[in-house]
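These notes are about the structure you will find just below.
The numbers here are math on the coordinates, done by the rules we state, and not lab data. Computed from a prediction, not measured in an experiment: that's the story for all the values here. Cβ atoms come from the backbone with ideal geometry, glycine included; neighbour counts cover every protein chain shown.
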Amino acid sequence: MNYINYYTAEYRIYGQKESLPAQVSLNESGFYYKVGEEEREQLLRIAEIVSIHTYNTYKVVLNFGDFPYQTLTCKDPAFLSEIKQQFKGYEVVDALSKSSKTTYIKYLLFLASFFIGLILFFYFVLVPWLVNKAVTHFPWEQEKKLGEMMYTKIKEQEKANPKKSLLLEHFFYQLCDSAQNPVQILFADNPVVNAYALPGGFIVINSGIVNQMVSPEELAGVLAHEYAHVRKKHTLKSMFNTLGFSVLLQLFLGSQDHSWLNAIGWQAQELSQLKYSRSLETEADEEAFKVLKNKSLNPHGLITLFSRLQENEKVNMPEILSTHPLPEDRIKKFNNLIEASPYPVIEKPYLELLFNQIKGK
Ligand SMILES: [Zn+2]
């Protein structure tokens, strides 16, 4: 028995809008088709077909005849697979198999790249943007609470020197008016050459870095730099960026019990190793320069300190030199700031006195 499948199709003459209902079937030499109410089927030989196209992997369009050619459109996927099977090896059908395959692959590739793009956009654009917004609007009181928890933990781990901590704070308040973002400084007896800022106005200065300093201007530069991280919320920004989506979720869910703050509190140990982005470090250096200029302090202090630390700490870079840009770039940029905006320097004997006390001389 020979079954013939008839497929519903549309018949159209090229360039005309209207189409007529049609039926189409396959036979061994080509197609039979019947347009509208016509009684007789017409034979369309495979050789007469100008081109076959597929759309969305199931719609088949046969173009045939002289120009303006005629078109039969069938949207039945079974029709397509029957064509491929019956006319395997015909040039026009081979092209069709290839084109439908490539269309399908192109479609998959498009979908894949769309979703990859969406994920990349989400992680590299949307989340950082939201994090930035969240940090900007993060209330100072909340930030202080968070910083306090970390500060408490750090105090437990570090050997604090209360007298030198007070001296450092006194030194700091000679430089900065920090009414809006009050600062608390911890002098830690720790040989690691490091100074870092916690959220909420807490700054830790290790004895290791103080031992490397030879002038009050160097200390002033470091404190002004760390204070810029505080005032510009750099630590919070970097922490939120590291924690990313999870912290945003907590913020947007509006967790009332602050348990998430506790969770972040456990990151306190990592804070001393927190790396800021290149742009944040540059910003902190620029802010530090403004402070030094405002107090007519020798701005070369930060440069002499950078150069010395770079010499001594090739392996383990302190926070202040830890990130890109490389120390050479930082020094160059700082020199450019000084050259672009020179100012007269005034000696500060009182800072010298405080500095010597902090150094323990
Ligand atoms: Zn820094």
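At a 10 Å Cβ-Cβ cut-off, how would you order ARG12, ARG45, ARG278, fewest neighbours first? Could the numbers behind the result be given before it?
Details: ARG12 19, ARG45 11, ARG278 14.
Lowest count first: ARG45, ARG278, ARG12.
Got a sec? How would TYR276, TYR107, TYR7 order by Cβ neighbour count within 10 Å, fewest to most? Can you show the working numbers first?
Details: TYR276 23, TYR107 12, TYR7 20.
Final ranking by Cβ density, sparse to dense: TYR107, TYR7, TYR276.
Check each of the GluC sites (Glu not before Pro) in the range 19-53 and keep only those in coil by DSSP with at most 15 other C-beta atoms within 10 angstrom; list them in order. If you can, show how the numbers build up before the last one.
On the way: sites: GLU28, GLU37, GLU38, GLU39, GLU41, GLU48; in loops: GLU28, GLU37, GLU38, GLU39, GLU41.
Those that pass, being in a loop and sparsely packed, are GLU28, GLU37, GLU38, GLU39.
What residues have an amide H closer than 5 Å to that of PHE202, excluding those fewer than 5 places away on the same chain, when H is modeled at 1.01 Å from N in the peptide plane?
The list, which skips near neighbours in sequence, is GLN184.
What ranking do VAL35, VAL192, VAL125 get, fewest neighbouring Cβ atoms within 10 angstrom at the top? Please list the in-between numbers first.
On the way: VAL35 19, VAL192 14, VAL125 10.
Least crowded to most crowded, the residues run VAL125, VAL192, VAL35.
With θ set to phi - 60°, apply the Karplus curve 6.51 cos²θ - 1.76 cosθ + 1.60 along the range 73-86 and write out the HN-Hα couplings as whole Hz, x wherever there is a Gly or Pro.
Once θ is set to phi - 60°, the couplings for the range 73-86 become 10, 10, 9, 9, x, 5, 4, 4, 5, 5, 4, 4, 6, 6 Hz.
Say the cut-off is 31 Å between C-alpha atoms; which of LYS163/LYS290; LYS106/LYS237; LYS145/LYS275; LYS164/LYS293; LYS153/LYS332; LYS275/LYS348 go over it?
Numbers: LYS163/LYS290 28 Å; LYS106/LYS237 41 Å; LYS145/LYS275 22 Å; LYS164/LYS293 25 Å; LYS153/LYS332 37 Å; LYS275/LYS348 33 Å.
In this structure, LYS106/LYS237; LYS153/LYS332; LYS275/LYS348 lie more than 31 Å apart at Cα.
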